[in-house]
Each structure stands twice: as structure tokens, then as C-alpha cells.
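Chemist: First the structure, then my questions, so here it is.
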Amino acid sequence: MSTDIGKATEKLGDMSLSPFGEARATVNESPLSEDEVSKLTDYFHATLYLCLGMIYLRQNPLLREPLSVDHVKMRLLGHWGSDAGQSFTYIHMNRLIKKYDLNAIFISGPGHGAPAVLSNAYLEGTYSEVYPDKSEDIDGMRRFFKQFSFPGGIGSHATPETPGSLHEGGELGYSISHAFGTVFDHPDLITLTMVGDGESETGPLATSWHSTKFLNPITDGAVLPVLHLNGYKINNPAVLSRISHKELEALFVGYGWTPYFVEGSDLPTMHQAMATTLEKCVTEIRSYQKKARDSGKAFRPMWPMIILRTPKGWTGPRKIGDHFLEGFWRSHQVPITDVLKNESSLEKLEQWMKSYGPDKLFDDSGKIRSDLKELAPTGTRRMSANPITNGGVLRKKLHLPDWRDYCVEVEKHATSKIGSMGRFAKYLRDVVEKNQDQFRVFGPDETESNKLGEIYEAGAKVWMGDYFEEDQDGGNLAFAGRVMEMLSEHTVEGWLEGYVLSGRHGLLNSYEPFIHIIDSMVNQHCKWLEKCLEVDWRGKVPSLNILLTSTVWRQDHNGFTHQDPGFLDVVANKSPEVVRIYLPPDANCLLSTMDHCLRSSNYVNVIVADKQEHLQFCNKEQAIAHCTKGVGIWPWASNDQGEEPDLVMASCGDVVTAEALAATALLREHLPDLKIRFVNVVDLFKLISPNEHPHGLKDNEFKAIFTDDKPIIFNFHSYPGIVHRMTYQRKGQSNLYVCGYKEKGNIDTPLELAIRNGVDRFSLAIHAIDHLPGLGNKGAAAREALLDKQVKAKNYAFHEGLDPEDLEAWTWPEEFSNPDS
């Protein structure tokens, strides 16, 4: 940071932390004429008038009649506190968009301040273009006001119905990571991002400031954060608003930013300060980019940011009665709450709204004055109309290699082992190679561990920090790369979400147990996608693809903390219109599944596949058929062809499928007369009723595979409850016995961990014997023999630290092979 800026901050440090008074700023110039200041103030007042109108009014939108209770909504909802600061920033960015022909979008971190975003979209004309009934006239304004936070209308955040929004801001913490996601591979884009001072206290937001260490000024655009210190959250002071200028500066310089302060409440001087500061930030950004692009040498600048301190509820009444409003927490939501019951409060509201001068801001028809309209950009340069915020309209298909060219040769079922993830890495490498400007791989420092390191041949890990000599020895770092890794699941998930919402494609790979860290983020993304389906002008965006590996059944070496497959339960609770869960059993099925997911749009696809070497089951043609159906009978592992089965052995997941097959072989060995049907599930939602999910099997289809009167032993990758929940309406559900993870774990061998949770071959076979009604006591000897083998395996693992070699090296017995399958 320059000495001049440091001196300016020192001077600010001697001043009050109060948001009131004339402007105080790091940069002090007066670039605006009096006429420009006057027009900016009028435009600002027009946006604030609209903000209040959205919160309060359903009739009489321009107050051309005396305000009465009949004109007011019967239920008052919305947030006022952050509106002024957001609108102020938005308007000043508009000036620079026009001056420099910028490609810019606006992200509202405090998205509950949606009235600020909506009012600007309305004044720019975008809202009326998208929703013609919300026209730029008195009746259109009435409809615009009434719909806000109203049944049948729109929500109180920057929801998918909001033109120019790709970040709702309902759950706080993701504005910066989403913003960086939008600018990766968008070299001309500036994403202006409001960060609320409440949001700034969240963990995800705190880590996302480090995103500059991954931003390449040649290939990427820039994020311009505006940290809005308005002093209060719902009912408490904001932490960063109560620390000194020196401490704030040190914090953000430490993060790698150059902070510029703009503080105060006096509009004329604040306009000058914001105009100067915002323009300095934009020109600095363009200067850094030009330097890097002209030289061809990427570097990491100390990117500019703004710290904007204004009163909460700025421009509102300082007090209502004996209580503070402007500059205090009471202005957070509905600023005057009793207007329906208190005539005096209704009069104060009318006086306040009229103080903005609606009669001079809007013409007789209700349209914004033409000279004020000219302050806004036009066409797609309007932030509310930038197509990047509707990424689906920009989405291009990926150039995908033929996944069949990467398939494993499977001559005999379940007889050879290979690493499914390693094979998929070859395919993923070529996906990266063919899509250098629209596909990235994201992960929290686990891509190499997850056996995906081969992708570095096509795109290394982006790293804008310093380099050491040792990095040449397998560091796989580069200024321009395609793999984005930072040990913050929140940040990399936010990057991916911003990347796909702005029209590009990506994949997040993660250890299965720690994906729970982003449960809530994925939940919010699902809600966004579902709501977008109701908005006809929204294009479908590329799917959010989450690959879970290092799974529960191979976290035996890391212990109990690393054993949790429950993310599937979280996803299964989301809207069936937007979620898909796949558990491919082997490499070829994984390739088929991933190819399908990368081609899809508007879904959250969760794929679970372990990274270690496992048995391979399906050849290329069988994988195509099996993954297309999503569930199927494996004839080669069944002996019930043409007959009623005595038992259905089913599985879902790679490790548990191998154990289920081994259990089937044990049963056929000990009880050769048993007729066993083997079923494998790839698409978990095949189990549910089609009334609940579009992938669900019809009842007759379910019966044809699982029967409705025979015992079903179902070996499941995750917690058993999810399978029971999905099948609870199925006839014969009482015959379904699900085995899965039971929260039993430690430092175990793989088989020992399976035994602890009852998903091992011995437990499954014993379970089958116990639930075969026609077997009587004929299975007693077999049951006892299986128990003995299980005990022996456990003792061996306890003493030797390994599973018995014959069990670890098990393959499907030759004598049970079916040459016709």
C-alpha cells in the first residue's frame, strides 16, 4: 500500500467511528459538478422512495392522495437498514460503467436489502422489460410495490426473480466467494460486491478474502468489494464497525487488499468522496490488468477495496419518538412498525416519504424524470440486465471426449481390481484439456489425495502466491491453471457456485466425511435452482457436480472422525426437481455417470465413488445399460433365472457391492439350493415412488426387480434410514432389511470396519439365513460356520493389523460364473 494512502488512513484514525457528518475519505477530490451532485442525489432519493414504497404501500404509490391505512399493506415485511448504502454504491458504479463502458455486475451480500437492488432495476427499466405488468407508470409502480414480500409476489431477498441477481444473500457468508466464481475466466468483468458488516463476521466470508491468491489478472476479471459498515446487525453492534481505522486497515492489508475508506452521512460531500474513491479503485484494477496483459506476466496485486461507513437506515428519521432509528439497530427491518395502528406514525411515514420529493422525481405518468434516467447505463451494460447474472443464457456445451474410450476391460466379472478414480482421472484430464476457458476442478487440498492428479497434465493448480524451489518437485502450481484448491470447503464451493451460475462448468471433489461443512451452502444452491424453475426468463445453468471420495468404508486408517456418509441424507431432502444421487459400483459405471452429469443442467449431482482399488463388475456395454436404467439385476451374480427367487441380495455403493457379492457366494456355497437374485442400484432415487421423484420406479417395475414377497437384504453405502424412507410406500417393504453405516468406527482394517457396522459378507449372509422363512433350521450349520469365519477375521485383524489375505483378495468364484451374462 502506498505511503500516501497510509498517511490518509492515519489521519482517519484520529477521527470518530461515527457514521455521521461530512465525508471523510482516504482519497479526497471533488470530480463532480454541482449539477452532477444534484442529479445523483435526486436519483438516490428516487431509489429510497421506491424502497419504502415496497415495504409499506399497496395503493397510492406516488402519494398523490393523503396517505391512509387503506393504502398500506396489512402485513409489513422487509429490510430497510442496508438499502441506502447499497443503492448509493450501485448508483456510483453506474456512473463509471457509462464513463468507461464497463462490464459489471452487482452482488448484494446483505441480500435482505433487496429493495435497493429492486429499485435500481426498476429505475433502469430492466424490471419492466422482464415483467411488463410492472410498467414504468403509476399502475406499474403500484404493482411493483404490492408484490414485494406479499403472497403471490416476490421474497424479501435478492431472489431468482430479481433481474441482475445470482446471489440471494439470504444465508450470509458467500458473497465474496460467489463473486470470485463469476470473474474466473471472465477477464473483462468487474463484480461489485457489497459485504454487510454482519456477514463479515461469518467464517465463510472471513476465509473468502484470500481469494485474491487465486485470481490471475490476465485470464480473470476482478472483484471490487465494498465492506458496508452501517454499525449494527439485527440487534447488536457489528464487530468491524467498532474497531479503529488502523486495525481495520491492518486486517485487510494482511488479507492482501488495499482498503480505501469512505465515511459520513452528508450527501454532497459523500457523493464527491465515493465518486473519487470508486473511480480510483476501478482505474487501479484496469491498470493492474493492463500491466499483466501487456507483459504477459501474471502477478498478484494488492487489489483495491472500499470500506464504506454510513448510518444504518441512512436518510431516515434520526428518532421516532424517544428512540433512535437512523444509525441504530431499530432501522434494520421495517423502520416504523405501528403505522396501521398509530395515526401519528402513519403521518410520520408520509412526511418521510414525501421528503424525498416524489413529485419532482417522477413525471405525471409516474416515470422517472428523463434527465435522471440518463444517469443509468443502457442495454446489457445495466447491472440489472447483464447476461452473466443469468448464466443459463450464456451456457455452452462442454467438449467432452468419448468416455467409452477410457473404459476398463472386464473379461470376467468381479475378478480384477483397479482404481476407479484413477481411471476417471484420465477422462477428467481430457475434459480439462478440451475446455480451457469454461471448466475448472475445485477442491479443498484433496485432488492429489483423491487419485485425480493426472488432470495436472492438462491444467495445474492456480497459485498466485510466492513459489519455492521445492514446488518444482510435484507441486503442480501455476499462475494460469484449471484446478482451484484452498483448504476451505466454503470458499471452493462458493467459487464453484459462482462459476456455474455465471454459465460455466465445474466439479468439486472432496473427502466424503467433510463435505458436511458445506451442507447449508448446497442447501441454499438447491433452493436457488428450484426457484429458478419458476422464473421463465432464467436459462438453465450447468449442474453443480460434487464427487465424494475417500469414502467412509476406506477411512479405516483415519478413524471415527473421518467416517460419515450422511451428506446423502441432506441432499435427499431437497426438491426432487433439482437433486440427483449416484453411487456407481465400478470404474466403467463411474465414467458413464460422470459423463451424464457433466452434460446435465440445473441439477445438484452428487456422485459417490471410492478412490482405492476395487473389483470391477461391468464391461463397457453393461455399464451403459446399467447406468441408463439406474438399477438392475446382475444375471451373472444370480441363479434364479426363470424361477422365483428365495432371496434378493441388493447393494448400492462400490465397497458394499463387493461385500454383498461375497455374501451371495458364501450362501451359494453353504446352501446351494437357494435361489438368489442379485440387484445393484446406481441411481439412489430409483427406490422412491415416481410420485415423489421423477427417477422413481413405478410399482410394477419395482416389483419386477425386488419382488414384493421375498426377503431383500440391501447393503447400503450410507445410513440405513434413507433407504427405508425412500421405500416406505412400497408393497413388501416389511421384507426389506437394510444394512449400512451405524456410527461404529475406529482405527480398523477395511473388513473390520465393515463387520463393526454389519455390512460385511458374513453379517449379510447370516442376516439372509435369519430372514428366509422357508429355511427352517437347515441353515444352522452354515450360520455357525459363517460366525466362526467372522470371528477369525476379526482376531486376525486385531493381531496382525491387516485383513486375512484370502478375504482381501476375494474374487467371484469361477464355479458360479454364468457364461451367458
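The values are calculated or read from the model by the stated rules, or taken from the named source; none is laboratory data. Computed from a prediction, not measured in an experiment: that's the story for all the values here. Don't worry about glycine lacking a Cβ; one is built from the backbone with ideal geometry, like all the others, and counts go over all protein chains shown. We work out accessible area using only protein heavy atoms, side chains counted, and drop any ligands, DNA or RNA first. Shrake-Rupley method; radii C 1.70, N 1.55, O 1.52, S 1.80 Å.
Chemist: Tabulate in residue order the Karplus-calculated ³J(HN,Hα) for the range 80-91, using 6.51 cos²θ - 1.76 cosθ + 1.60 with θ = phi - 60°, rounded to whole Hz; enter x for Gly and Pro.
Modeler: 9, x, 9, 4, 5, x, 5, 5, 4, 5, 4, 5
Chemist: Let me ask something else about it. Zone of His557 (label point 7 Å along Cα→Cβ, backbone N under 14 Å): which residues in the range 710-752?
Modeler: Hits in the range 710-752 for His557 at 14 Å: 747-751.
Chemist: Given the protein chains as shown and a 1.4 Å probe, how many square angstrom of Glu161 are accessible, to the nearest 10?
Modeler: 30
Chemist: Put +1 on the Cβ of each Lys and Arg and -1 on the Cβ of each Asp and Glu in the chain; which of Ser156, Ala768, Ser344 then has its Cα farthest toward the positive end of the dipole?
Modeler: Final value for the positive-end residue is Ser344.
Chemist: Let me ask you something else. Could you work out how far helix 3-13 tilts from the main Cα principal axis of the chain, as a 0 to 90 degree angle to the nearest 10?
Modeler: Around 80 degrees separate the two axes.
Chemist: Averaged per residue, what accessible area in Å² does the chain show with a 1.4 Å probe, protein chains only? Please list the in-between numbers first.
Modeler: On the way: 30470 Å² over 821 residues.
On a per-residue basis, 37 Å².
Chemist: Enter the accessible area of Ser638 (Å², nearest 10), with the probe set to 1.4 Å and all protein chains included.
Modeler: Near enough 10 Å² of accessible area.
Chemist: Given the Cα-Cα distance of Glu669 and Glu815 and 0.36 nm per residue of separation, how much length would full extension add, in nm? Kindly include the intermediate steps, with their values, before the conclusion.
Modeler: Details: separation 146, 0.36 × 146 = 52.56 nm, distance 0.99 nm.
Full extension of this stretch gives 51.6 nm more.
Chemist: Once you've got the Cα coordinates, tell me which of Lys134/Lys367; Lys39/Lys367; Lys39/Lys99; Lys742/Lys792; Lys134/Lys527 are over 19 Å apart. Provide the component values of the computation, followed by the final result.
Modeler: On the way: Lys134/Lys367 12 Å; Lys39/Lys367 16 Å; Lys39/Lys99 16 Å; Lys742/Lys792 22 Å; Lys134/Lys527 25 Å.
Check vs 19 Å cut-off fails for Lys742/Lys792; Lys134/Lys527.
Chemist: Can you work out the FRET efficiency for the pair Glu201 and Asn777, with r the C-beta to C-beta distance and R0 = 51 Å, to the nearest 0.05? If you can, show how the numbers build up before the last one.
Modeler: Working: r = 66 Å, r/R0 = 1.29.
About 0.20, to the nearest 0.05.
Chemist: Evaluate E = 1/(1 + (r/R0)^6) for Asp519 and Asp466, where r is the Cβ-Cβ distance and R0 equals 45 Å; express this FRET efficiency to the nearest 0.05.
Modeler: On the way: r = 34 Å, r/R0 = 0.76.
The formula returns an efficiency of 0.85 here.
Chemist: Rounded to two decimals, what is Rg over Rh for the range 631-816 when you use alpha-carbon atoms and the Kirkwood radius?
Modeler: Details: Rg = 16.3 Å, Rh = 16.8 Å.
That ratio equals 0.97.
Chemist: So, counting K/R as plus one and D/E as minus one, what does the shell of residues with Cβ under 9 Å around Gly313 add up to? Each step should come with its number before you reach the end.
Modeler: Numbers: positive: Lys312, Arg330; negative: Asp83, Glu326.
It works out to a net charge of 0.
Chemist: I'd like the orientation of helix 489-501 relative to the chain: the angle between its Cα long axis and the longest Cα principal axis, in ° from 0 to 90, rounded to 10.
Modeler: 80
Chemist: Determine by what factor the alpha-carbon radius of gyration of the range 143-270 differs from 2.2 N^0.38 Å, reporting the quotient. Spell out each step's value before the answer.
Modeler: Numbers: Rg = 16.6 Å, N = 128, 2.2 N^0.38 = 13.9 Å.
That works out to 1.19 for the range 143-270.
Chemist: Per residue, how big is the convex hull of the range 403-613 when only Cα atoms are used? Give it in Å³. Could you put the intermediate results ahead of the total?
Modeler: Values: hull volume 28.6 nm³, N = 211.
Dividing the Cα hull volume of the range 403-613 by its residues yields 135 Å³.
Chemist: Ok, one more. Given N residues in the chain, what is its alpha carbon radius of gyration divided by 2.2 N^0.38 Å?
Modeler: For the chain, the normalised Cα radius of gyration comes out at 1.09.
Chemist: Apply the Karplus parameterisation 6.51 cos²θ - 1.76 cosθ + 1.60, with θ equal to phi minus 60°, to every residue of the range 338-351 and state each ³J(HN,Hα) to the nearest whole Hz, in sequence, with x for glycine and proline.
Modeler: Going residue by residue, I get 10, 5, 6, 10, 10, 4, 5, 5, 5, 5, 5, 4, 5, 4 Hz, with x marking Gly and Pro.
Chemist: Give me the net charge for the shell around Gly459: Cβ to Cβ below 13 angstrom, other residues only, Lys and Arg +1, Asp and Glu -1.
Modeler: With Lys, Arg at +1 and Asp, Glu at -1, the neighbours total -2.
Chemist: May I pose another question? Given the options Leu240, Ser135, Ser30, identify the residue whose Cα lies farthest towards the positive end of the charge dipole of the chain (+1 on Cβ of Lys, Arg; -1 on Cβ of Asp, Glu).
Modeler: Ser135
Chemist: Sticking with this structure for a sec: Rg to Rh ratio, the range 574-633, alpha-carbon atoms and Kirkwood radius? Walk me through the numbers before you get to the answer.
Modeler: Numbers: Rg = 11.9 Å, Rh = 12.2 Å.
Taking Rg over the Kirkwood Rh, I get 0.98.
Chemist: Place the peptides 347-353, 617-623 in order of packing, highest mean first, counting for every residue the other Cβ atoms within 10 Å and averaging per peptide.
Modeler: Working: 347-353: 17.3, 617-623: 21.1.
The peptides rank, most packed first, as 617-623, 347-353.
Chemist: Taking 0.36 nm per intervening residue step and subtracting the Cα-Cα distance, what contour gain separates Ser244 from His323 on full extension?
Modeler: On the way: separation 79, 0.36 × 79 = 28.44 nm, distance 2.68 nm.
Gain in length upon complete extension: 25.8 nm.
Chemist: State the percentage of accessible surface on the chain attributable to carbon and sulfur atoms; use a 1.4 Å probe and exclude ligands, DNA and RNA. Intermediate values should be presented prior to the final figure.
Modeler: Working: 14820 of 30470 Å².
That fraction is 49 percent.
Chemist: I would also like to ask the following. Kindly rank 477-490, 220-233, 695-708 from highest to lowest mean number of other beta carbons found within 10 Å of each residue.
Modeler: Working: 477-490: 21.1, 220-233: 25.8, 695-708: 16.9.
Ranked by mean Cβ neighbours within 10 Å, highest first: 220-233, 477-490, 695-708.
Chemist: Turning to a different aspect of this structure: Per DSSP helix of 4 or more residues, -39500 (n - 2.57); summed, then divided by the residues of the chain. What does that give at 222 nm, rounded to the nearest 500? Present the calculation step by step, with values, prior to reporting the outcome.
Modeler: On the way: 26 runs with 298 residues, N = 821.
Value at 222 nm, helices only, nearest 500: -11000 deg cm²/dmol.
Chemist: Quick check: residue separation of Ser416 and Lys297 times 0.36 nm, minus the Cα distance between them. What number comes out in nm?
Modeler: On the way: separation 119, 0.36 × 119 = 42.84 nm, distance 4.83 nm.
Length difference between fully extended and current span is 38.0 nm.
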